[in-house]
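Chemist: Mind having a look at this structure? Questions to follow.
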Amino acid sequence: MEYRKARAYIDEAWKYAGGDMGLDNTEYLLEQLDHPEDQLEFVHIAGTNGKGSVASYISTVLQCAGYRVGRYISPTIYSYRERIQVNGTYISREEFAGYAEQLVPIVEKMKREEKGCPTPFEMETVISFMFFKDQDCDIVVLECGMGGQTDATNVIRNTKMAVLTSVSLDHVGILGDTLEEIAANKAGIIKPGAIVVSGQQEPEVENLIWAVCTEKGNTFVAARPKEAMIREVALDHQIFRYHGSEITISLAGSHQIENAVLALECITALRQAGFEVTREEMEEGFLKTRWDGRFTVVSKKPYFIVDGAHNPDAALKLKQSIQMYFPRRRLIFIMGMFKDKDYEKVAEIMAPMAARIFTVTPPDPSRGLPSGIFAKTIEKYNENVTASQSLEEAVDSAFKEAGEEDVIISFGSLSFAGAAIKLAGDRKR
């Protein structure tokens, strides 16, 4: 099977897949493949915001310590194959096609026997397990796609560590109607015997996680980012001290110290569990970590920054970063969001800050909020908004509007972050 045919087969699964979340389809596929996931160990990460950044820190540190680290992420920025990688190298087109070909007869049998049809995400998850097993990974850093309890990734049994980044209201109605219900869904990744590390949480969320750990007998570690002493803050690096460790990170944004503190607690717990990571390797890993699309500076004069803020909690953190780095600069926003997100609240938080706003329609035709509708929403909070016909048009208009001292920020969905980075980079060159 060629790569393009493999991609087409998986993408078309949406036509046959049901809308119910659950583990049955993934379990069935893995059973037919002799459960490759059972030969792996995992750091499993759930949460509303920060999963990708925390996973990047953990993966890079372990890689610097000499481990073979598999990583499964979504969404991706530059390439579809980015979602499945080992030590930073993406699965090849040939490898992906080969694994997809193994799934085809199983999926077709499921259709014939009316057992349902797996979703693209479920098939991608299974392919990742097959690849990581064949690559002899020492550990896999595995991000949930949505939620936790019923996420396809939650079929794993060998969870070395369960990590919960900050939990806030997102996917309301799908994961739950309240913060506690959403948190309970995400805490569903906690398996007996796993070390559980939690980021900064609302009291009711932390109490719920603690109760689950008490019931299942898990070791529980709570990161306390407010106890971090910030030494230096700049766009190209940040330095902080936390519980005896001084760490330098290369990622910008007020929220990145919070993510790094959580990752530091994870690495500390893994070291105590037997992973050999020296202090020098740990410091090197944090410094080397890169994670594009998270307050990423693409160019200067004017600044062009890309961020993935796609819900109210992320928007508040983006607002804090803007106020920290650019307190008196004129701001121009490029905004695009999915219609199943709380775009009204994001507009309320962010729109009043900007001198000019250009809206775009994200590339996903089923979820993308039309730029015209988003512009009408933003008008309630800022009249200086224009609906763009394309991202190219929005980027071009923003650069024409901006002076050398102004700041252009593109955000709202990671689905167009990679394209925005490329367009701004091309202009810079």
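Chemist: Being of a type in the set (A, V, I, L, M, F, W, C) and either under 10 Å from Phe358 (Cβ atoms) or not assigned by TED's automatic domain parsing to the domain that holds Met353 (or both) is the filter here, so list the residues in region 380-399 that pass it.
Modeler: Hits for region 380-399 are Val385, Ala387, Leu391, Ala394, Val395, Ala398.
Chemist: Related question: With respect to Glu37, is the statement that it is in the same structural domain as Glu101 (by TED's automatic domain parsing), at pLDDT 95 or above and surrounded by fewer than 18 Cβ atoms within 10 Å (Cβ to Cβ) true?
Modeler: no
Chemist: Which residue, of Gly403, Gly372, Gly368, is modelled with pLDDT under 95 and either of a type in the set (Gly, Ala, Ser) or under 17 Å from Ile305 (Cα atoms) (or both)?
Modeler: After ruling out the rest, the residue left standing is Gly368.
Chemist: Which one of these does Arg328 not meet: (1) buried (at least 23 other Cβ atoms within 10 Å of the Cβ); (2) at pLDDT below 95; (3) of a type outside the set (A, V, I, L, M, F, W, C)?
Modeler: The number of the failed condition is (1).
Chemist: Which of (1) within 21 Å of Ser74 (Cβ to Cβ); (2) surrounded by fewer than 24 Cβ atoms within 10 Å (Cβ to Cβ); (3) not hydroxyl-bearing (Ser, Thr, Tyr) does Glu379 not meet, given it meets every other one?
Modeler: Only one criterion in (1) within 21 Å of Ser74 (Cβ to Cβ); (2) surrounded by fewer than 24 Cβ atoms within 10 Å (Cβ to Cβ); (3) not hydroxyl-bearing (Ser, Thr, Tyr) is unmet by Glu379, namely (1).
Chemist: Name the residues in region 57-68 that are in contact with an Asp or Glu (Cβ under 7 Å, 6 or more places away or on another chain) and either closer than 13 Å to Glu143 by Cβ or basic (Lys, Arg) (or both), would you?
Modeler: Arg68
Chemist: Condition first: among the charged types (D, E, K, R) and either within 26 Å of the chain's Cα centre (by Cα) or not assigned by TED's automatic domain parsing to the domain that holds Tyr80 (or both). Now tell me which residues in region 95-109 satisfy that.
Modeler: Within region 95-109, just Glu95 meets the criteria.
Chemist: How many residues, within region 296-349, are closer than 19 Å to Ile77 by Cβ and among the basic types (Lys, Arg)?
Modeler: Total meeting the criteria: 2.
Chemist: Pairs, please: C-beta under 8 Å, at least 6 apart or cross-chain, first residue within 30 Å of Ala315 (Cα to Cα) and in region 269-294, second of a type in the set (D, E, K, R) and surrounded by 15 or more Cβ atoms within 10 Å (Cβ to Cβ)?
Modeler: Pairs that qualify, where the first residue is within 30 Å of Ala315 (Cα to Cα) and the partner is of a type in the set (D, E, K, R) and surrounded by 15 or more Cβ atoms within 10 Å (Cβ to Cβ), are Gly293/Asp307; Arg294/Asp307.
Chemist: Name the pairs: first residue in region 193-207 and under 11 Å from Asn218 (Cβ atoms), second residue hydroxyl-bearing (Ser, Thr, Tyr) and in a strand (DSSP E or B), Cβ to Cβ under 8 Å, at least 6 apart or on different chains?
Modeler: Gly193/Thr159; Ala194/Thr159
Chemist: Just to be sure I understand, how many residues within region 376-411 are within 23 Å of Arg328 (Cβ to Cβ), touching a residue at least 24 places away in the same chain (Cβ under 8 Å) and in a loop (DSSP other than H, G, I, E, B)?
Modeler: Residues in region 376-411 being within 23 Å of Arg328 (Cβ to Cβ), touching a residue at least 24 places away in the same chain (Cβ under 8 Å) and in a loop (DSSP other than H, G, I, E, B): 8 in total.
Chemist: Taking the options Glu392, Glu405, name whichever one is closer than 21 Å to Arg427 by Cβ and over 27 Å from the mean Cα position of the chain (by Cα).
Modeler: Every option except Glu405 fails the conditions.
Chemist: Shifting gears a bit: State all residues of region 320-358 that are of a type in the set (A, V, I, L, M), in a loop (DSSP other than H, G, I, E, B) and under 23 Å from the mean Cα position of the chain (by Cα); if no residue qualifies, say none.
Modeler: Listed by number, the list holds a single entry, Met337.
Chemist: I'm trying to understand the selection: among the residues of region 407-418, which are over 16 Å from Ala351 (Cα atoms) and crowded, with 19+ Cβ neighbours inside 10 Å?
Modeler: If the condition is that a residue be over 16 Å from Ala351 (Cα atoms) and crowded, with 19+ Cβ neighbours inside 10 Å, then Leu414, Ser415, Phe416, Ala417 are the ones that fit.
Chemist: Kindly establish whether Ile249 is touching a helix residue (DSSP H, G or I) at 6+ places or on another chain (Cβ under 8 Å), farther than 26 Å from Lys319 by Cβ and surrounded by 18 or more Cβ atoms within 10 Å (Cβ to Cβ).
Modeler: No.
Chemist: From Lys160, Lys111, grab the single residue that is basic (Lys, Arg), at negative phi and out of contact with any strand residue (DSSP E or B) (no Cβ under 7 Å at 6 or more places or on another chain).
Modeler: The conditions single out Lys111.
The values are calculated or read from the model by the stated rules, or taken from the named source; none is laboratory data. None of the values given here were measured: they were computed from a predicted structure. Here Cβ is always computed from backbone atoms with ideal geometry, including for glycine, and neighbour counts include all displayed protein chains.
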